[in-house]
Each structure stands twice: as C-alpha cells, then as structure tokens.
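S.K.: Shown below is the structure under consideration.
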Amino acid sequence: RATLLLSRCLLKMVKGNIIVPEEILSFCCNGLQGSTSPPRAREPGEREEAPGAMASPSPARNPTEVQMSQLVLPCHTNHRGELSTGQLLKWIDTAACLSAERHAGCPCVTASMDDIYFEHTISVGQVVNIKAKVNRAFNSSMEVGIQVSYEDLCSGKHCSICKAYATFVAQGPLGSKVRLKPLTPQTEEEKIEYSIAAERRRMRLVHKDTLKDLLTRSSQETELETRDGSGAVPAEKTRVESVELVLPPHANHQGNTFGGQIMAWMENVATIAASRLCHAHPTLRAIEMFHFRGPSQVGDRLVLKAIVNNSFKNSMEVGVSAEAYGQEMSVSRRHINSAFMTFVVLDQEGHPRTLPMLAPEPGDGERRYREASARKKIRLDRKYVVSCKQTEVPLSVPWDQSNKVYLSYNNVSALKMLVAKANWALAREKEKVRMYTLEEDKFLSFRIEISVCITASRAFSLLSNLRRRHEWDSHYVSAELVQKVDDDDMIYHVVSQKLRHENKPQDFVILASRRKPCSKGDPYVVAFRSVTLPTHPASAEFTRGETLCSGFCIWPESEEMSKVAYYNQAMPGYLNYVTTNVAGLSSDICSTFEACEKFLLKNKEDLISRLQDF
C-alpha cells in the first residue's frame, strides 16, 4: 500500500515536470512488480535457495582479479577512429592498480611497467576487456599481470591486444612502505606465473647493468648504420617539448598524479616526435620497460620531452622523459620517468613502410643512437625467452630406421613452412647481403639472402655438404659424416667454436635433408635439425647444442645467377648472437654470408677450370 501511494505521488511530480531521482523510480518499479506477482510455491523436494544464491555455482576466482570492460567511444579515438594508445594505457594502469590494492588492502603506486607489445588496433564501437591479477607478492612490491583483448559486439569476435606486467608498491601513512602478505597460487596457470615472476623481477633489477655491459662489449663493433645518407633527417627536427598542469581529474585517490595519465601524456609527445621524422601518422608497436622514479602531485607542472633516438629499417625508437616542478621556477625539476617507445608507419595494406634515416646530433645524440640499438637487442632477448616447458623437453628426436621417413619429411616441411611465412621484415642491409627477421610468440627467426653468380644446382651441391662448411663458416671446426641414410638424408657430427662465456666447444648431431625442385619455381632445399644417436651421446668434452629448424633455400634467378637464402629459428643458446646482429651491434652474420659467397664463386671457378682441362 505504501508503494502504491508513493507511486501516485511520483506520477503527479512527473506531470509537473519535477525531476525524480533514478534510485526512487527503480525502487518503485521493483516494488510494483513484487506487489503484482505472488510468491511461487516450491515444488515437492525443492530446496529453498539462500538470498542472492546463483542457479549454478561459478568457479572460484582469484581474489585479486579485476575485470574491466570499456566501450570505445569517439572521444577515446585518434584521427583514424582507433583507440588512442594513451587512453588504453590509462585503463591498463587503473585495472592493475585496483588489483594490487585488493591484495595489499592499502593504497598502491605504479613502480614500473615491463615491455608492452601491441598486436592489433581497436576501433570505435568495440569493447576493450582488461583482466588484471597479482601474480606474486614480494616484500613491499608485487607483480600484476594484465591481459587486454577486444570484443566486436556485432560479430562476436574476440582478439588479444597485449599482455603486460606491472610492478606496484604498497604505501602506508606518509608514504611509508608496507610489508605485503604472501600470495598462494591455486591453478596451474597461476603457479606458472608465480614461478616465472621471480625471473622477471631479476631481469628488471639487472636491466641497467645489462645495457651497460652490452654497450661496453659492443663499442668497438658498433658503427652508425648508413643506408642512403642523402635524405637523413636531423634528430633535432624531431625534438618535442610540452608542459601539462596536473589538475584534480589527473590525480588518483591518493592525490598523486595518476601513472596512467603520465603514460598517456608521454605517448602523445612521442607520437609527435615520430611524426616529424616520417611526415606521416605512426603507430605505436611497443613500449620499453620503464620505471617511475618519483611521484608528482596536483598543482605540479609536468614537462614532457621527446626525440627520435634511432631509425631502423622499418621502425624507430623515440625517447621520452617527464620532469615535474611546482609554482616556484627556482626549484630544480624532479625527474619522474623516462620511456622508450617503438613506432612503425603502416601502408594501406598494413605493412611497415621504410623509414628515413636519422642523423644524430654529435655527442649525446650519437650516444642515444647507439643505446637505441642496444635496447632493440635487449627487447628481442626479453621477448623471445624460451618458456620453461620448452627447455624441459629435448628438441633432438632419437634417430631410428623406423622413423627416418617421418623425420626427413618433418625436417624439410618445417623449413618450408618457415620459408612460406608472410611476415618477414627487412632488418639490415650490408652491401649485397640482406637480413630479415620473423617475430613470433616464442621464437625469433632470421633469414640471410644474397644473389650469387652460380647455378642453383652447383650451389645446392656445395652447401648441402657440411664437411666443407668450415671453409667459409668460421664457427664450424669440423663435420664428420656419421651415417648416410640415403642420397638425400645424411647425419653429421658437427663441432663448433666456443660460445661466449662457455669453456668448452659445442657439438651437434644434425640430420641434413636435401630436396631438388619438384616443379618450376620451387627452390633447392637443404634442411637441418638435431637428432640423437646412441653412438654419439653427449660427452664432457663438448657442450651439446641443438637446432630446431634451419637450412638453405636456393632459387635460380637466371641460367648463371641464383638467390641463396639461409633460415634459422634461433634457439636460446644462439639467441644472444642473433639479436646482437639484428640490432646492428655486430656484422658477424653478414660477414659469414659474404664468405659463403666467395666460397661459392671460388668453387664455381674451380669446376669450370677442371671442365676446361678435361
């Protein structure tokens, strides 16, 4: 009766154009529905449900898990109608902070963010789904894992955007640190993340030392890369400086400037700097691991500076810094944060465009140029660390007569599938040698190719004989033919030089499978992969190495010219060597392939002279 009387009063208020609070309208509607529907009688044997009970029990969730869903509106997008990366960073930081505070039970601040690789863009009208949960808690800091995906409401499609790891520090009264309670993982996924979190933490702590050591060791080999210096853009022309006033909407519930807001401002100036180099609209592909060095508060002025540090073949690194100061200009600025962002420029088909060269400034500019190359190598190393499951399972398959057909097929087909992948990107060019990379979830593959004045069949014959590889590859010491399976498959025991930080040379047991073209347009194929043989077990004299997929493909370009390409899916022990060359800190791979060209030309001439003598 009271609900009916209240509803009549509300009706008069609505007719009189009086605004009614939404909560009251909702209460009345629910009350009216409840008054007109008598309670349902229970069936015999039916249990009475507790208030608020669900029809079916849901699986237990991690107590620190936070889920956020945001509909992308036009105000969130850039000129292309795609979600601004700065806005996405704000949402990521918000969800991660809420997860950290669930575990800590007190305010938390962002201490650092690991590398973030953005796989796709998000369009207006789509939904961003963010899931964040604490992976592991240390003394006063914790790692939060964040998964970001988008959902297309019309098609129902879901797609992963990125995965990130953030470190948060719990703060007590007056900014004091709080000792965190330990986290107990429950599921298999949580246990894996919990275990690997310690390794990621170790990697963060040694990040600076890793960069310094790499720069020290490569200082003699590093040189400013030159493609076509005539159109080089001076780095000074890409410099950007902007100031922002921190207002209450920019601060979190503790009064400090929101970490996600600082990231968004930094992304804005970095985009402007990248645009000044390429005179186009760049796309942010990755953000380097960075640390917040101190807080800023409402009323602070944040000075944001950005400049392009290095321009690679189809990507560029932009360095950004954030400094804060108060109303008094006499007070020195406080360094808040530094970050390094990687941009690409996509053509109409979505492929990265070739970027202009950068002419660094003398002194600090050249230092930043070289450091950018080192950071590129470190990013590749961090991105392609092999998972623990892969290191536990041996890659070398036992060789047996019963499976020789399968292994030969697997060896060649794996190389052909690697060759057929479409996302190879040109990383370096040195004279006639071209180096490409293929970045996948768990592997970094590279391809070296060169055109040589030799017939494809002759090159195929020379390169498929591993016993002659030491004549052009300085890494090979010897190769012994262990078993000739048939005319197309042979097993070698290979001894190579010592790796850096290793006391013993490496040895491999390799299956070499070769194939001639089946039809016009097919290449000559020489595929390599590791196998195990009872007659050649691992010994204390060598460090046993493994190769998963590598080999040569040779295409005839004319009667006397051939394109020779070498492919390799880099293994953990080989990864450091590969990324050093990809980043331009070494030219060893290119030099080795130049020696391969000389070997092919020399033996082509030897063959011609022998034919003439005959």
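S.K.: Can you tell me which residue is modelled with the highest pLDDT among those in region 558-575 that are closer than 22 Å to Leu215 by Cα and surrounded by fewer than 17 Cβ atoms within 10 Å (Cβ to Cβ)?
M.R.: Among them, the one singled out is Pro572.
S.K.: If you check every pair at least six apart or on different chains, which have Cβ atoms under 7 Å apart with a residue in region 64-80 that is assigned by the TED database to the domain that holds Tyr150 and open to solvent by 60 Å² or more (accessible area, probe 1.4 Å) first and a residue that is polar (S, T, N, Q) and modelled with pLDDT of 95 or more second?
M.R.: Listed by first residue and then by second, the contacts come to Ser69/Asn129.
S.K.: Going residue by residue through region 546-562, is there one that turns out to be in contact (Cβ under 8 Å) with a residue 40 or more places away in the chain and touching an Asp or Glu at 6+ places or on another chain (Cβ under 6 Å)?
M.R.: There is no residue in region 546-562 that is in contact (Cβ under 8 Å) with a residue 40 or more places away in the chain and touching an Asp or Glu at 6+ places or on another chain (Cβ under 6 Å).
S.K.: Going through region 430-454 one residue at a time, which ones are at pLDDT below 90 and under 9 Å from Cys590 (Cα atoms)?
M.R.: Matches in region 430-454: Lys430 only.
To keep it simple, each residue is scored yes or no on (1) among the hydrophobic types (A, V, I, L, M, F, W, C); (2) touching a helix residue (DSSP H, G or I) at 6+ places or on another chain (Cβ under 6 Å); (3) within 18 Å of Ser176 (Cα to Cα).
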position	(1), (2), (3)
Met68	yes, yes, no
Asn78	no, no, no
Glu82	no, no, no
Thr85	no, yes, no
Ala104	yes, no, yes
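S.K.: Take the residues in region 432-471 that are out of contact with any strand residue (DSSP E or B) (no Cβ under 9 Å at 6 or more places or on another chain) and touching a residue at least 40 places away in the same chain (Cβ under 8 Å); name whichever of them is nearest to Val578 (Cα to Cα).
M.R.: In this case the residue turns out to be Lys442.
S.K.: Would you kindly identify the helices (runs of 4 or more DSSP H) lying entirely within region 165-280 that contain at least 3 residues that are among the aliphatic types (A, V, I, L, M), modelled with pLDDT under 90 and out of contact with any helix residue (DSSP H, G or I) (no Cβ under 7 Å at 6 or more places or on another chain)?
M.R.: 188-205
S.K.: Would you check if Ala538 is more than 26 Å from Lys421 (Cα to Cα) and among the small types (Gly, Ala, Ser)?
M.R.: The answer is yes for Ala538.
The values are calculated or read from the model by the stated rules, or taken from the named source; none is laboratory data. Predicted model only: the values in this text are computed from it and were never measured. In this analysis, Cβ positions are derived from the backbone assuming ideal geometry, glycine residues included, and neighbour counts consider all displayed protein chains. What goes into the accessible areas is simple: the full protein's heavy atoms, side chains included, and nothing from ligands, DNA or RNA. Shrake-Rupley method; radii C 1.70, N 1.55, O 1.52, S 1.80 Å.
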